[in-house]
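Below: the structure, in C-alpha cells.
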Amino acid sequence: MGFADKLRGQFIDIVEFLDDSRDTIVWRFPRQGNEIKNQAQLIVREGQVAVFESEGQIADVFGPGRYTLETQNLPILSTLKGWKYGFNSPFKAEVYFVATRQFTDFKWGTQHPITLRDPEFGMVRLRAFGTYSLQVSDPSALLRQLVGTDSNFRTDEIGEFFRQNVIGHLAPAIASSGIPMLDLAANQQSLSAKLAPALSAELAEFGVTIPRFVIENVSLPPEVEAALDKRTQMGVLGDLDQFTKFQTATAIGDAAKNPGGPGEGMGLGMGMAMGTQMAQAISQANQAPAAPAAPAGPPPLPVTDELWYYSTGNAQAGPVTPEALAQLVGTGQVSRDTLVWKQGLSAWTAAGQVPHLAGLFTAPPPLPPTAATPGA
C-alpha cells in the first residue's frame, strides 16, 4: 500500500446507516478519529434524518436522499467552522442518524390499580394495559433533551419514562370522560383517540409524538370481579323466592327417586304433593295481577290435611279424603291388605292395620231371625 492509499484511508468517503436492529432510535456514525472528506457522499434513507453536530452544537439536518458534502449544502457547519469562502480540506463532525419511522413495540400497563369514582358503583379500582407507537418529530430536540452523547440510543432506554407519562394521563382521562365502569369496554377506542393527542402535546418538548395509542383491556381487581359476578347471577335468577321454591321441589323429587333409601314411600308422596304445590305457586305468580279484594266476609272453611294415598296394583293413587276412602272400601277397591299412607305414617301400611281405618272393615252382626207368622 502506497502513501496515497494510506492517506485516503484516513478520510471517510461514504456516510450512511443501515439499521437491522429494529429498535435503534439514534445511531452515531463511527468516525474513530477519521475525517470526513470534502465532497464525500451522504446517503440518508427513508425513515431517517442525518444531523451534523460540530463542537457540541447542532448544525445541518438532512432528510432522505443522496448528498455531496460541500460548502453549499453545509451552510451552518461552514459558518461554525469559519469557512467563508468554501473549503477543500477534510473536516471533522459528528453525524447522528435519527430514525423517523414509527416504533410500534412500546407497551404500557398500570403497576397499581387506579382509584376512580364511578356513578353507579361508587369508588372503584381499575387496571389497564395496552400499546402505543412512538415517532420522532423533532430530531434536534430529541438529541438535546434525551440522547446527549449516546452513540446508540435504543427504545428500551426510554420505555419506562414514557410508560410513566402514559399512566399519569390515563387516570385523569378516564375520570373526566364520565363513562361508567361497565361502559368502558365499549368506549376504549374513543378514550384511545383522546389520549394520543394529549400525550403528543405533553412529549413535544422531547421531540417525539404519539401517533397511535391503544387501550387493550380495562379490568377490575379479583375481589371486585367476584362481587360483580354475584350481582350478575342475582340478575339472571330474577325472583329469588320463586327460585328457592323451585330448588326445594326439585330436591324433594330427587330424594323420592332414590331407591331403597329410608323413607322412600314418604319421600315419594311428599315429593308429588310438594311438586304440585310448587307448580301451583309458580303458576299463580306468573299470572296477571289479582283483581281488587272482595268485601270482607267469613273466613273460608278449614281444609283437612288428612289426605290418603292407596296402592292399586303396582301404582299409587290418591290423594283422597277419608270419606272417599270409605267409599272405596265399600266398593271393594280398597281391602284390608291394600297399602295406604297419609302424613304422619312412617311408611306404607296395610289398611286393616291402621287404627283409623280398622272400623271400616268390621262386618255388621247378622240380622235377627224373622218372627213366625201367627197361625202358621
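Of note:
- ARG66 vs. criteria in a strand (DSSP E or B), closer than 30 Å to PRO221 by Cα, touching a residue at least 12 places away in the same chain (Cβ under 8 Å) and of a type outside the set (Gly, Ala, Ser): no
- In region 98-120, of all residues being over 17 Å from the mean Cα position of the chain (by Cα) and not in a strand (DSSP E or B), the one that is farthest from VAL208 (Cα to Cα) corresponds to GLU120.
- Matching option when the condition is of a type in the set (Gly, Ala, Ser) and either touching a strand residue (DSSP E or B) at 6+ places or on another chain (Cβ under 9 Å) or under 25 Å from ALA99 (Cβ atoms) (or both), among ALA173, ALA141: ALA141
- Listed conditions (1) surrounded by 15 or more Cβ atoms within 10 Å (Cβ to Cβ); (2) at pLDDT 90 or above are all met by ALA204, apart from (1).
- Residue in region 331-349 that is surrounded by 14 or more Cβ atoms within 10 Å (Cβ to Cβ), touching a strand residue (DSSP E or B) at 6+ places or on another chain (Cβ under 6 Å), hydroxyl-bearing (Ser, Thr, Tyr) and farther than 11 Å from TRP308 by Cα present: yes
- Taking every residue in region 340-357 that is at pLDDT 85 or above and pairing it with any residue that is aliphatic (A, V, I, L, M) and assigned to a helix (DSSP H, G or I), at least 6 positions away or on another chain, the pairs with Cβ-Cβ distances below 6 Å are VAL340/ALA351.
- THR100 under 30 Å from PRO30 (Cβ atoms), without any contact (Cβ under 8 Å) to a residue 60 or more places away in the chain and of a type in the set (Val, Ile, Thr): yes
- Qualifying residue in region 69-83 (condition: modelled with pLDDT under 90, loosely packed, with under 11 Cβ neighbours inside 10 Å and part of a strand (DSSP E or B)): no
- Within region 129-152, residues that are in contact (Cβ under 8 Å) with a residue 60 or more places away in the chain reach partners that are among the acidic types (Asp, Glu) with beta carbons closer than 7 Å, at six or more positions or on different chains, in the pairs PHE129/GLU216; GLY130/GLU216; THR131/GLU216; ALA141/GLU205; GLN145/GLU205.
- In region 163-178, the residues that are of a type in the set (A, V, I, L, M), in contact with a helix residue (DSSP H, G or I) (Cβ under 6 Å, 6 or more places away or on another chain) and either outside any helix (DSSP H, G or I) or more than 13 Å from LEU116 (Cα to Cα) (or both): none
- Pick from region 150-177, criterion touching a Gly at 6+ places or on another chain (Cβ under 9 Å) and open to solvent by 10 Å² or more (accessible area, probe 1.4 Å), ranking: modelled with the highest pLDDT: ARG163
- The set of residues in region 107-146 being open to solvent by less than 40 Å² (accessible area, probe 1.4 Å) and modelled with pLDDT of 90 or more consists of GLY130, THR131, TYR132, SER133, LEU134, VAL136, PRO139, SER140, ALA141, LEU142, LEU143.
- Which numbered condition LEU182 misses (of (1) at pLDDT 85 or above; (2) hydrophobic (A, V, I, L, M, F, W, C); (3) under 26 Å from PRO221 (Cα atoms); (4) assigned to a helix (DSSP H, G or I)): (1)
- Summed over region 2-18, the residues that are modelled with pLDDT under 85 and not basic (Lys, Arg) give a count of 10.
The values are calculated or read from the model by the stated rules, or taken from the named source; none is laboratory data. Worth saying up front: this structure is predicted, and the values here are computed from it rather than measured. Here the Cβ is made from the backbone with ideal geometry for all residues, glycine too, and neighbour counts use every protein chain on show. Calculation scope for accessible area: heavy atoms of the full protein, side chains included, ligands and nucleic acids excluded. Shrake-Rupley method; radii C 1.70, N 1.55, O 1.52, S 1.80 Å.
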